[in-house]
Amino acid sequence: MKAAMFHGPHQPLTIEEVDIDKPMGREVLVRTVASGVCHSDLHFVDGFYPFPTPAILGHEAAGIVEEVGLQVGEFKPGDHVIACLSVFCGHCDYCLTGKTHLCQTRPVRAKTDPPKLSWKGQAVNQFANLSAYAEKMLVHENALVKIDDTMPLDRAALIGCGVTTGVGAVLNTARIEAGSTVAVFGAGGVGLAAIQGARIAGARTIIAVDTVESKLAKARELGATHGVNASSGDPVKAIRDLTNGGADYSFECIGLKIAAEQCFDCIRPGGTATVVGMIPVGQKIELDGPMFLREKKIQGCSMGSNRFKVDMPRYIDLYRQGRLKLDEMITRRGKLEDVNEAFRAMKAGEVARTVLMF
């Protein structure tokens, strides 16, 4: 099969012929139909997070089941599925208390088993237990959710990460109240999803913060009531002015130290800041200590605190009802060979999401 190979930071991905094994046990072989290009992958390409090479990146995908292992009972060939990096074991303390997204014993092949992926005779590292920049994925059945055949798979792919992370950060992690005020830092794929989550939850004021005017315009299209350009002024002051003293909830959806600090600074006493973006390894966030005396809170978020086998079908229902807009989030569609261009366009702020079609 064809796959986009990651050779190390600051190097372009190359299109290679890669061998993929047959499914064993509870594994499922999926033919990739669509794969979104997510900013999280760019963190590894840019060297902010380490990952062993050679590897195949990609983690936001939807496709069709081709083959299943002997112990798989949930899926069969022909099923349409969304993949999720929150693969879970089902028996650890986190899984048994309903926090499958925090599972620490995610199922992987034993070292004595043959590699799932190989290239030129050497094993290839599977990224996020998925490796979605490839024509096929070999994954555990606890990394998939079945969806009905009428859901367009390019839009379903967005639900695999960006939508689940952004909407889930609002509905699951922060659990905002209707009528609250919300600020979202970053109007990329995850930020736009968080804005939509705030709209779905009934927030009365939704402030999008970005440095690109076209992205702020897209944010307004998807539910933001206000836009703040952080390149032309202090976004914290702007948010305080718009909310009469500070937002009830804020969300950092970029992965920048300064944005995380502003995310905390802009909330009112008793407010909650949620860091969704991937802050680079080793960076520290600096907060003003006395602000904690005002019961201001800051928390992290992992993949929208998802219960993806339940959440993703619900998001599809919201899409069909017109309450969750996915078509508008896809700026470009491309082929696997366009993956490096997709990264360039993302860094340039030209796209909300590029979806690679197989």
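The values are calculated or read from the model by the stated rules, or taken from the named source; none is laboratory data. Worth saying up front: this structure is predicted, and the values here are computed from it rather than measured. We place every Cβ from the backbone using ideal geometry, glycine too, and count neighbours over all the protein chains shown.
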Legend entry - Residue, farthest from the chain's Cα centre (by Cα), within segment 319-358, restricted to residues that are in a helix (DSSP H, G or I) and of a type in the set (A, V, I, L, M, F, W, C): 336
Legend entry - Selection count where residues are under 21 Å from the mean Cα position of the chain (by Cα) and either more than 22 Å from residue 161 (Cα to Cα) or of a type outside the set (D, E, K, R) (or both), scope segment 8-49: 19
Legend entry - Residues within segment 185-211 that are assigned to a loop (DSSP other than H, G, I, E, B) and over 17 Å from the mean Cα position of the chain (by Cα), tallied: 4
Legend entry - Of residues in segment 18-73 being in a loop (DSSP other than H, G, I, E, B) and of a type in the set (Asp, Glu), the one farthest from residue 333 (Cα to Cα): 21
Inset, instruction - Confirm whether residue 180 is assigned by TED's automatic domain parsing to the domain that holds residue 342 and either in contact with a strand residue (DSSP E or B) (Cβ under 7 Å, 6 or more places away or on another chain) or touching a residue at least 24 places away in the same chain (Cβ under 8 Å) (or both). - result: no
Legend entry - Scan of segment 289-317 for residues that are free of Cβ contacts under 8 Å to residues at least 40 places away in the same chain, surrounded by 12 or more Cβ atoms within 10 Å (Cβ to Cβ) and part of a loop (DSSP other than H, G, I, E, B), ordered by number: 296
Inset, instruction - Kindly indicate which of 178, 110 is modelled with pLDDT under 95, more than 18 Å from the chain's Cα centre (by Cα) and not in a strand (DSSP E or B). - result: 110
Legend entry - Test for residue 274: is it touching a residue at least 24 places away in the same chain (Cβ under 8 Å) and surrounded by 15 or more Cβ atoms within 10 Å (Cβ to Cβ): yes
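Residue by residue, here is whether (1) in contact with a His (Cβ under 8 Å, 6 or more places away or on another chain); (2) surrounded by 16 or more Cβ atoms within 10 Å (Cβ to Cβ) holds:
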position: 69; (1), (2): no, yes
position: 81; (1), (2): no, yes
position: 86; (1), (2): yes, yes
position: 101; (1), (2): no, yes
position: 104; (1), (2): no, no
position: 116; (1), (2): no, yes
position: 119; (1), (2): no, yes
Inset, instruction - Would you tally the residues in segment 133-171 being over 19 Å from residue 352 (Cα atoms) and either assigned to a loop (DSSP other than H, G, I, E, B) or touching a His at 6+ places or on another chain (Cβ under 8 Å) (or both)? - result: 7
Inset, instruction - Of all residues in segment 167-193, count the ones that are closer than 25 Å to residue 214 by Cβ and not small (Gly, Ala, Ser). - result: 8
Inset, instruction - Please determine, by comparing only the residues of segment 318-334 that are farther than 20 Å from residue 81 by Cα and among the basic types (Lys, Arg), which one is surrounded by the most Cβ atoms within 10 Å (Cβ to Cβ). - result: 332
